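J.: Below is the structure I would like to discuss, written out as C-alpha cells.
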Amino acid sequence: MTDARPHAVLINAAKIYPPRELARLSEFATVSVITMPMFAHRYEGIADVHLVDTLYHFDQVREAARTVYEKRGIDCVIGPAERSVPVAGLVRTWFGVPGIGFDTAMRFSNKHAMKRALRAAGLPVADWVSVPTIAELPRAQAELGGGPVVVKPVFGGGSQNTFVVGSPEQALALADAEEAAGLRSAGFPLIVERFIEIGTEYHCDGVLHEGKVLFSGVSHYLVPPLQEQFGAVAGSIALSPDAPEYGRIQELHRRATEALGLDSGVTHLEVIGSGDQLLIGEIACRPGGDGVTDLVRLQHGVDLWQAFTDTSAGRAPRVAPVTDPRTVVLVDLPLRSGKVTAVSAASDFTALPQVVEAESFVSAGDVVGDFRRGTAAVRVFLAAQDRAEVPALIDRLMDEFVLETE
C-alpha cells in the first residue's frame, strides 16, 4: 500500500452502508465511490463519486475504476453488498489490488459456481440444474425428478426473485407471470434447486485471516426466509454453543471457506436443517444483512463490519470474542405497504428490561411501497436469561407494537 491510510474504492449500490460503518471510511486517506445514480445521494459527503448503470455492467465499473486508478491509484477495494462482490473481485484482479480476486469472488457470488465447488469438496448441497432462461424451468424441474423446486438467478442476495414451484403446471405458469419479471430480466442464468423441507435454517457468521478461521458464531432464523410471511415477525436468535449442531455447522463453515478459496474476509453461511441432515444453502464473503451483524456484535462482541473493513484494507482483523451468557435475539417487527398513519417508535420498547437495543425504520407520514422480506418497521434486540422465555418476549413485543396504514 502507498500510505498508512490508503486510497479505497467503495463499490456499492442498493445495500445501505450503515452510518457508523460509512463513518469508518475516514480510516482511509481518500475514498472514491462507484455506484448507481439512484444511490448517489448516500455519498454526498464524498467528492469522488462515479456512476454506472448497474454493478453487473462489468465494463462500466472497470472503466470507472480505471479513471480512479489513473488519477489516484487504488490501494484497496470494498464491496459490502452481494452485487458488489463479483465486480469488486474483477477490479482487484484487473488492477493488481490485494484482496479477494475475481475467481474466488465468483465462487462466492455465482450460485452455480459455488455449488459446483462445494460438491467437488464433498460438502452437502441440494441437487440443482442451471438454465439460461425461465422458459427452461419445466425441463429443469423434470430433470430433478418432477417435484417441488426453488428457482432464482445465479447472482443475487436474500430471497429477492426467488420462487418455490410445486408442480410442472406451476413451472409453466411462472414463465409468463407478472411476479417473475425479475427472473426474465435478470440478464444472467437461473439456478433451479431441488426443494428441501426446512426444519430450521441456520446462519454462521465468521472472520478469516491468512486462511484461518478466527471466529465463527452460529444462529438460526426465527422463521426460514422462504417461509416468512409479510405482516409477521421475522429475525434471528443466537444458538447455544452447547447445541449439538453448533460444532457441525462451524465445521461446514470451515470446509466451505477452504473449498471456495477464501484467505481473509468476513463470511455469512446459510445452512438448511432438514431432519438430522444439514445442507449448505449459500455462503457469502461479506457481512450478513438485516441486523445480523448487530446480533453477532451483541452476542459475541465481534464487530463484523470492522473486520470487513480491516480485511478489505489488507489488515489483520481485530477479533476478540467475548460471548454474552444471555441469548441475544433479533426481532424484526413487521412492515406493510401504504401510508403510515401511526407506528411504534424504538423508544416504546426500551423500558422492557430484556431489550438491549432498538431502531426505528419508518415514521408516521412515510409512504411504504413494495418492499422485500427482511424489512422491518422497528428492529429490536433482546437479551434473554433463559431461551425458554423468548417466545413470550416476542409475543409481548407484538402485543405492544402499533402499525397503522392507509
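The values are calculated or read from the model by the stated rules, or taken from the named source; none is laboratory data. Computed from a predicted structure; not experimentally measured. As a convention, Cβ positions derive from the backbone with ideal geometry for all residues, glycine included, and neighbour counts pool all protein chains shown. With ligands, DNA and RNA removed, areas are computed over all heavy atoms of the protein, side chains included. Shrake-Rupley method; radii C 1.70, N 1.55, O 1.52, S 1.80 Å.
J.: Return yes or no: is ASP348 at negative phi and crowded, with 20+ Cβ neighbours inside 10 Å?
T.: Here the answer is no, as ASP348 does not meet what is asked.
J.: Another question about this same structure. I'd like to check something: does region 331-341 contain any residue that is in contact with a helix residue (DSSP H, G or I) (Cβ under 7 Å, 6 or more places away or on another chain), open to solvent by 60 Å² or more (accessible area, probe 1.4 Å) and basic (Lys, Arg)?
T.: So far as region 331-341 goes, no, none of its residues is in contact with a helix residue (DSSP H, G or I) (Cβ under 7 Å, 6 or more places away or on another chain), open to solvent by 60 Å² or more (accessible area, probe 1.4 Å) and basic (Lys, Arg).
J.: Which of the residues belonging to region 361-406 are of a type in the set (Gly, Ala, Ser), crowded, with 17+ Cβ neighbours inside 10 Å and modelled with pLDDT under 95?
T.: GLY374, ALA376, ALA377
J.: Across region 137-190, what is the total count of residues that are closer than 25 Å to VAL223 by Cβ and of a type in the set (Gly, Ala, Ser)?
T.: Summing the residues that are closer than 25 Å to VAL223 by Cβ and of a type in the set (Gly, Ala, Ser) in region 137-190 gives 10.
J.: Among the residues of region 292-319, which ones are surrounded by fewer than 22 Cβ atoms within 10 Å (Cβ to Cβ), touching a strand residue (DSSP E or B) at 6+ places or on another chain (Cβ under 8 Å) and either on the phi > 0 side of the Ramachandran plot or among the aliphatic types (A, V, I, L, M) (or both)?
T.: If the condition is that a residue be surrounded by fewer than 22 Cβ atoms within 10 Å (Cβ to Cβ), touching a strand residue (DSSP E or B) at 6+ places or on another chain (Cβ under 8 Å) and either on the phi > 0 side of the Ramachandran plot or among the aliphatic types (A, V, I, L, M) (or both), then VAL292, LEU298, ALA313, GLY314, ALA316, VAL319 are the ones that fit.
J.: Still on this structure: Can you name the helices (runs of 4 or more DSSP H) wholly within region 28-131 that have at least 1 residues being of a type in the set (Asp, Glu) and open to solvent by 20 Å² or more (accessible area, probe 1.4 Å)? Reasoning before the result, please.
T.: On the way: elements: 58-72, 84-95, 102-109, 111-120.
Where helices (runs of 4 or more DSSP H) fall fully within region 28-131 and carry at least 1 residues being of a type in the set (Asp, Glu) and open to solvent by 20 Å² or more (accessible area, probe 1.4 Å), they are 58-72, 102-109.
J.: Does GLY265 fit the bill of being within 19 Å of MET114 (Cα to Cα), under 20 Å from the mean Cα position of the chain (by Cα) and surrounded by fewer than 21 Cβ atoms within 10 Å (Cβ to Cβ)?
T.: So GLY265 does not fit the description; no.
J.: Within region 161-171, does at least one residue satisfy the condition of being within 26 Å of ASN110 (Cβ to Cβ), assigned to a loop (DSSP other than H, G, I, E, B), among the hydroxyl-bearing types (Ser, Thr, Tyr) and more than 20 Å from the chain's Cα centre (by Cα)?
T.: no
J.: Next up: Return yes or no: is ALA358 closer than 18 Å to VAL207 by Cα, in contact with a strand residue (DSSP E or B) (Cβ under 6 Å, 6 or more places away or on another chain), crowded, with 18+ Cβ neighbours inside 10 Å and not aromatic (Phe, Trp, Tyr)?
T.: Against the criterion (closer than 18 Å to VAL207 by Cα, in contact with a strand residue (DSSP E or B) (Cβ under 6 Å, 6 or more places away or on another chain), crowded, with 18+ Cβ neighbours inside 10 Å and not aromatic (Phe, Trp, Tyr)), ALA358 does not qualify.
J.: Related question: Only one residue in GLY206, GLY217 is closer than 15 Å to THR311 by Cβ and open to solvent by less than 30 Å² (accessible area, probe 1.4 Å), so which one is that? Full working, then the answer.
T.: Numbers: GLY217 fails: closer than 15 Å to THR311 by Cβ.
Checking each option against the conditions leaves just GLY206.
J.: Being surrounded by 21 or more Cβ atoms within 10 Å (Cβ to Cβ) and of a type in the set (A, V, I, L, M, F, W, C) is the filter here; which residues of region 138-153 pass it?
T.: Within region 138-153, ALA140, VAL149, VAL151 meet the criteria.
J.: If we only count strands (runs of 3 or more DSSP E) wholly inside region 203-305, which ones have 1 or more residues that are under 20 Å from ALA88 (Cβ atoms) and of a type in the set (A, V, I, L, M)?
T.: Values: elements: 212-221, 234-238, 265-274, 277-284.
So the answer is 265-274, 277-284.
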